[in-house]
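The values are calculated or read from the model by the stated rules, or taken from the named source; none is laboratory data. All of these numbers come straight from a predicted model, not from anything done at the bench. Because the Cβ atoms are built from the backbone with ideal geometry, glycine has one as well, and the counts that use them run over all protein chains shown. These accessible areas exclude ligands, DNA and RNA; they are computed on the full protein's heavy atoms, side chains included. Shrake-Rupley method; radii C 1.70, N 1.55, O 1.52, S 1.80 Å.
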Amino acid sequence: MAVPRADAQGAEALAELVEWQRARRVQFPIIAAHPDLAYLDSAATAQKPQAVLDAVHAYLTTSNANAGRGTYPWANRTTSLVEQTRDRVKRFLQDPAPQRSSVHFTSGATEGLRTIARDWLPGLLADGDEIVVPVADHEANIAPWLEARRQLARQGVHIDVRPMPYQRASGDYDHTALAELAGHRTRFVAVTHVHHVYGGDMNVHRIRRAVGPDAVICLDAAQSVGHLPVSMAELDVDFAVFSGHKAMALPGTGAIWARQERGPRFGPAGWEGTPNTVGIASLAAALDWLDAAGTDRIERWTVALAARFTEGLRHLGAYEILGCQSSLAADSPVQRRQGIVTFRHRAVDSGDLGFILFSHGFMVRSDQHCQGSAGERTGSVRVSLHVHNTVEETDRLLEVLATLG
Ligand code: PMP
């Protein structure tokens, strides 16, 4: 049976959601103030809606104090803000058993992954164990695991690092090869939910099937949280890590969600110090905003917009689209593109293309996107979409790209 494509379904979604989208777009002050510019770099960091700016202002003008220390009202309010935001993160992630999980605030996904690698992973592993590392994903999801191996080797514990197998053409993981590679010594597998270059949903639910019920899976959800429903009830993973700033909160905010079932209980080692209370206030407001907007609708909108843009780009012969080639429907059994489209001009350098596009008002990312060493060898231009982006913006971008063909 032919799999329905998202560009056919997408036209329907774009028509259905257009009023909803307009009402969301106007809530971003920086977007509303710059109608001549198109922000197409949400995978690097997301813009903030007014509700988040208001929450930051309200917190700093009514309650600013340290958390977990004082006994006066501002301090008490700050302590409960931090505790309530832990629960808010669990609800946002559709945690099916919140009494058995924990949430730890970090400065972002990088610190989250590094903390797990430094404070928890060594307690799981014994000499001769294996871990799987996604070597063509973001460097933040590679370096910490390799560093953990080096640290363990210094203590005489030797860990075998297996590179995650990929299907090169699509940038997807190769689940069949992974199933062959994973054995009873495979204790830990690091994966990514949505690839920051290739744009594909990495079908994480298939990783569990490939590696069996006992391996710990750590999910880098930096590009999925805030963009689509991310459900711990559906994904059988042990850790999920994300960056608050990519989910519309302030920079310097992020979280580790830990399920605590396989392996030792997770807890960052040592004294944690003062939390980023302002960032946590912004995170609570951002998650409220995202839930009210509906992450399912945000996903439908950005997937449909990316599908339309990808189809347009495919018709311009001068461009090579990287990674995920398919913009497939939500129920497709194969890899599906989210709101990230990365490409190269066959003759124009990607850095130059970035400058040319900005001269037309488009803010895109053009470099190697912090991809691991097994990733792309040369730069590319990444267009990453969010709820405030419009059909007019991506169609106008296609017109400009067509003039460079
Ligand atoms: N993982 C992925 C997939 C990312 O895209 C990024 C940010 N580009 C990170 C991790 C690191 O996030 P941060 O810089 O917010 O720590």
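Does P134 satisfy being crowded, with 16+ Cβ neighbours inside 10 Å and touching a strand residue (DSSP E or B) at 6+ places or on another chain (Cβ under 8 Å)? Yes: the conditions hold for P134. Restricting attention to the range 103-123 and to residues that are open to solvent by 20 Å² or more (accessible area, probe 1.4 Å) and either at pLDDT below 95 or over 19 Å from the mean Cα position of the chain (by Cα) (or both), the residue that is farthest from the ligand (Cβ to nearest atom) turns out to be G123. If the condition is being in a helix (DSSP H, G or I), touching a Ser or Thr at 6+ places or on another chain (Cβ under 6 Å) and more than 30 Å from R22 (Cβ to Cβ), then the range 49-89 contributes W74, R77, T78. Scanning the range 222-248 for residues that are of a type in the set (D, E) and open to solvent by 10 Å² or more (accessible area, probe 1.4 Å) yields E234, D236. In the condition set (1) in the same structural domain as G226 (by TED's automatic domain parsing); (2) touching a strand residue (DSSP E or B) at 6+ places or on another chain (Cβ under 9 Å); (3) of a type in the set (A, V, I, L, M), A284 is compliant with all but (2).
Scanning the range 359-401 for residues that are among the small types (G, A, S) and either open to solvent by 50 Å² or more (accessible area, probe 1.4 Å) or more than 16 Å from the ligand (Cβ to nearest atom) (or both) yields S359, G361, S373. Restricting to the range 183-210, give me the number of residues that are touching a helix residue (DSSP H, G or I) at 6+ places or on another chain (Cβ under 8 Å) and either open to solvent by less than 20 Å² (accessible area, probe 1.4 Å) or within 16 Å of the ligand (Cβ to nearest atom) (or both). Counting residues in the range 183-210 that are touching a helix residue (DSSP H, G or I) at 6+ places or on another chain (Cβ under 8 Å) and either open to solvent by less than 20 Å² (accessible area, probe 1.4 Å) or within 16 Å of the ligand (Cβ to nearest atom) (or both) gives 11. The set of residues in the range 222-241 being within 16 Å of the ligand (Cβ to nearest atom), of a type outside the set (V, I, T) and over 20 Å from R365 (Cα atoms) consists of L228, L235, F239, A240. Within the range 90-99, the set of residues being assigned to a helix (DSSP H, G or I) and open to solvent by less than 20 Å² (accessible area, probe 1.4 Å) comprises just one member, F92.
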